[in-house]
Amino acid sequence: MRAGHLFDGPDIVASVFVVFVDVCSLLERRPQVDIRLDEYGRTVFEAEAYVIGDFAKRATLNLATPAGSLFSQVTNLLSSCLRNGSDELIDPIRANIESLCSSRVRAGIMSVVRGAELTSGQRMTFREIWGTVTRCILGDAPDRVARDELRALVQRLQPSDLDSVTRFKDFQALAALRFSQAIFGGRSPGAGSFDPLGNPITKLTHFVDPMRDAIPGRFDRSWESGWATPLADSFAGPVTSGSPLESLEADLDAEDSFSDILTEFDKMLDRAFVDAMHSPKIGDKDRYAFISWYGGYLGRLYALANGIPAFRPQVAAWTQAWYLSPNLPDELGFGLRTLLRPKRRPGDIESASLIPILASRTDPIVGVQSEPKLALKTGDVEMKTLRDSESLFLVLSEQGKEISRMPLDFPLVREALACGQEHAGVTEMTDVTSPRLERFRAARLIPTQLNQANYRVVVGASDFSMTVSGGY
């Protein structure tokens, strides 16, 4: 919010109050605003500062947000359907509502959706939040049938008893209505093609599908924690030896949120998987396809229950950087310095960053050079951050003079955290970040920045100082 006055000379003509809509996320705690009159009858606005919560500590925050409050109220209204409904069908919609009755599951879903906001750089309006809630309850059914055809769809998808392989394939089609599949745009094998970018919800959430970034480890809620080891262990050994779901439950702590998301539907699906694995009719192609699909199904259930989006460490690092602004977390700072000024000899404390002056691009010189090159030896870069609502900017200076600033967003954080031991990392975000880094290095070569420049001639594995003097 911004407030001010319009003056005509010394007189106030009008008071102006500007509200920046959608600047704050509906998935963060709403700042408290107090509007009152002071002793002179003037309107006074007092508001808390907007704060982005630490992503690694969102378990309780999600329920206090506008989106979390809406989600809870809708779920409370639907919980009566469980008491009045019938159990005659194998119903994934009912399973969705049962899972959503758990506040921990709702909090986990909201964390994943917040991760989608931060990775995409977009904020959801209430329209998208309603769409997310709808998709969590009805799966992808609204994309497929009219409102009055929902029950007919569930009836039509009921699994057959023809044989165990066919029955599991039928279960796969039914499981597409489970929110753990639908929220990321997942479809059952053999279903019609679906472009997640064509849906306003899945175009944001498909990128944070946990199975895109299943990090080994056991989840301990620290910012860099892995989580996929129990899932992998549940499928270890002969695939016909038992139930992956039972193995996963036995391996997890009794207090794990995974127990809240499980329903009878998931247990029936697991039994269908085990029966299919024991079937003499199953071929290798179906066997491997079933294992791959069911591993993804269980992985998404577990990740949603615990609020784990893909790229969780990078998302958590960004929220830490926002909170610590103008300072940077140490690990992120090291990675950014490597991206901005990669050393010619990584690991060598005496090595410097050299920018070619006469090349078509400003990619720093690394390693042995077969031909002599004229380069600029750059000094140390001072880094700080500047935050503006949901945005974070990296401000770069040399000797106290600002050289450049660039958005510090998910792509840049992902690239920085991929760096290791002073070697620059490469990810799928390289094409996004390279132009920014190029502009920063190019800014170092403009004439006003070249006073007392340290020129070097790079030959082979060595470089030599060169002094420019005289002139007309």
- Query: If you take the residues in the range 195-250 that are among the hydroxyl-bearing types (Ser, Thr, Tyr) and in a helix (DSSP H, G or I), which one is surrounded by the fewest Cβ atoms within 10 Å (Cβ to Cβ)?
  - Reply: 229
- Task: Confirm whether residue 309 is under 18 Å from residue 221 (Cα atoms) and assigned to a helix (DSSP H, G or I).
- Result: no
- Task: Inspect the range 319-331 for any residue being of a type in the set (Ser, Thr, Tyr), assigned to a strand (DSSP E or B) and surrounded by fewer than 16 Cβ atoms within 10 Å (Cβ to Cβ) and give the result as yes or no.
- Result: no
- Message: Could you check the range 349-388 and list, in sequence order, the residues that are under 29 Å from the mean Cα position of the chain (by Cα) and either among the basic types (Lys, Arg) or exposed (fewer than 13 other Cβ atoms within 10 Å of the Cβ) (or both)?
- Response: 384, 387, 388
- Item | Filter result for residue 315 (surrounded by fewer than 20 Cβ atoms within 10 Å (Cβ to Cβ) and of a type in the set (A, V, I, L, M, F, W, C)) | no
- Members of the range 349-364 found to be among the charged types (D, E, K, R) and closer than 20 Å to residue 434 by Cβ, listed by number: 361, 363
- Item | Whichever residue in the range 454-472 is among the polar types (S, T, N, Q) and at pLDDT below 75 and, among such residues, is surrounded by the fewest Cβ atoms within 10 Å (Cβ to Cβ) | 469
- Message: For the range 164-187, check the following and say yes or no: at least one residue is exposed (fewer than 15 other Cβ atoms within 10 Å of the Cβ) and in contact (Cβ under 8 Å) with a residue 40 or more places away in the chain.
- Response: no
- Please work out which one of (1) in contact with a Gly (Cβ under 7 Å, 6 or more places away or on another chain); (2) farther than 30 Å from residue 300 by Cα is the condition residue 378 fails and give its number. (1)
- Query: Could you say which residue among 441, 405 is among the basic types (Lys, Arg) and closer than 30 Å to residue 459 by Cβ?
  - Reply: 441
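Residues checked against (1) more than 18 Å from the chain's Cα centre (by Cα); (2) farther than 29 Å from residue 414 by Cβ:
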site	(1), (2)
233	yes, no
245	yes, yes
250	yes, yes
266	yes, yes
282	yes, yes
292	yes, no
303	no, no
318	no, no
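For the range 39-58, which positions are in a strand (DSSP E or B) and either free of Cβ contacts under 8 Å to residues at least 24 places away in the same chain or within 15 Å of the chain's Cα centre (by Cα) (or both)? Reasoning before the result, please.
Applying the first criterion (in a strand (DSSP E or B)) to the range 39-58 yields 43-47.
44, 46 - these are the residues of the range 39-58 that are in a strand (DSSP E or B) and either free of Cβ contacts under 8 Å to residues at least 24 places away in the same chain or within 15 Å of the chain's Cα centre (by Cα) (or both).
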- Message: Looking only at the range 177-209, count every residue that is modelled with pLDDT under 85 and among the polar types (S, T, N, Q) and tell me the total.
- Response: 2
- Query: Could you say which residue among 410, 393 is of a type in the set (Phe, Trp, Tyr), surrounded by fewer than 19 Cβ atoms within 10 Å (Cβ to Cβ) and on the phi < 0 side of the Ramachandran plot?
  - Reply: 393
- Message: Tally up the residues in the range 393-433 that are in a loop (DSSP other than H, G, I, E, B), over 24 Å from residue 208 (Cβ atoms) and polar (S, T, N, Q), please.
- Response: 2
- Task: May I ask you to list the residues in the range 42-74 that are polar (S, T, N, Q) and either buried (at least 21 other Cβ atoms within 10 Å of the Cβ) or at pLDDT below 90 (or both)?
- Result: 43, 60, 62, 65
- Residue that is surrounded by the most Cβ atoms within 10 Å (Cβ to Cβ), among those in the range 251-279 that are closer than 20 Å to residue 93 by Cβ and touching a helix residue (DSSP H, G or I) at 6+ places or on another chain (Cβ under 6 Å): 261
- Query: Of these, 148, 161, 170, which one is modelled with pLDDT under 90 and part of a helix (DSSP H, G or I)?
  - Reply: 148
- Residue check: is residue 36 within 34 Å of the chain's Cα centre (by Cα), among the basic types (Lys, Arg) and modelled with pLDDT of 80 or more? no
- Task: Give the range 102-115 a look and list any residue that's farther than 15 Å from residue 180 by Cα and either of a type in the set (Gly, Ala, Ser) or in a loop (DSSP other than H, G, I, E, B) (or both), or say none.
- Result: 103, 115
- Quick check: is even one residue across the range 130-141 without any contact (Cβ under 8 Å) to a residue 12 or more places away in the chain and in contact with a strand residue (DSSP E or B) (Cβ under 6 Å, 6 or more places away or on another chain)? no
- Task: Give the residues of the range 214-224 that are in contact (Cβ under 8 Å) with a residue 24 or more places away in the chain, touching a helix residue (DSSP H, G or I) at 6+ places or on another chain (Cβ under 8 Å) and not basic (Lys, Arg), sorted by residue number.
- Result: 214, 215, 222, 223, 224
- Task: Mind listing whichever residues of the range 116-129 are under 17 Å from residue 64 (Cα atoms) and either part of a helix (DSSP H, G or I) or basic (Lys, Arg) (or both)?
- Result: 126, 129
- Item | Subset of the range 347-400 [of a type in the set (D, E, K, R), at pLDDT below 85 and either within 30 Å of residue 23 (Cβ to Cβ) or touching a Pro at 6+ places or on another chain (Cβ under 9 Å) (or both)] | 363
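The values are calculated or read from the model by the stated rules, or taken from the named source; none is laboratory data. All figures in this text were calculated on a predicted structure; none of them were measured in a lab. Positions of Cβ are backbone-derived with ideal geometry, glycine not excepted, and every protein chain shown enters the neighbour counts.
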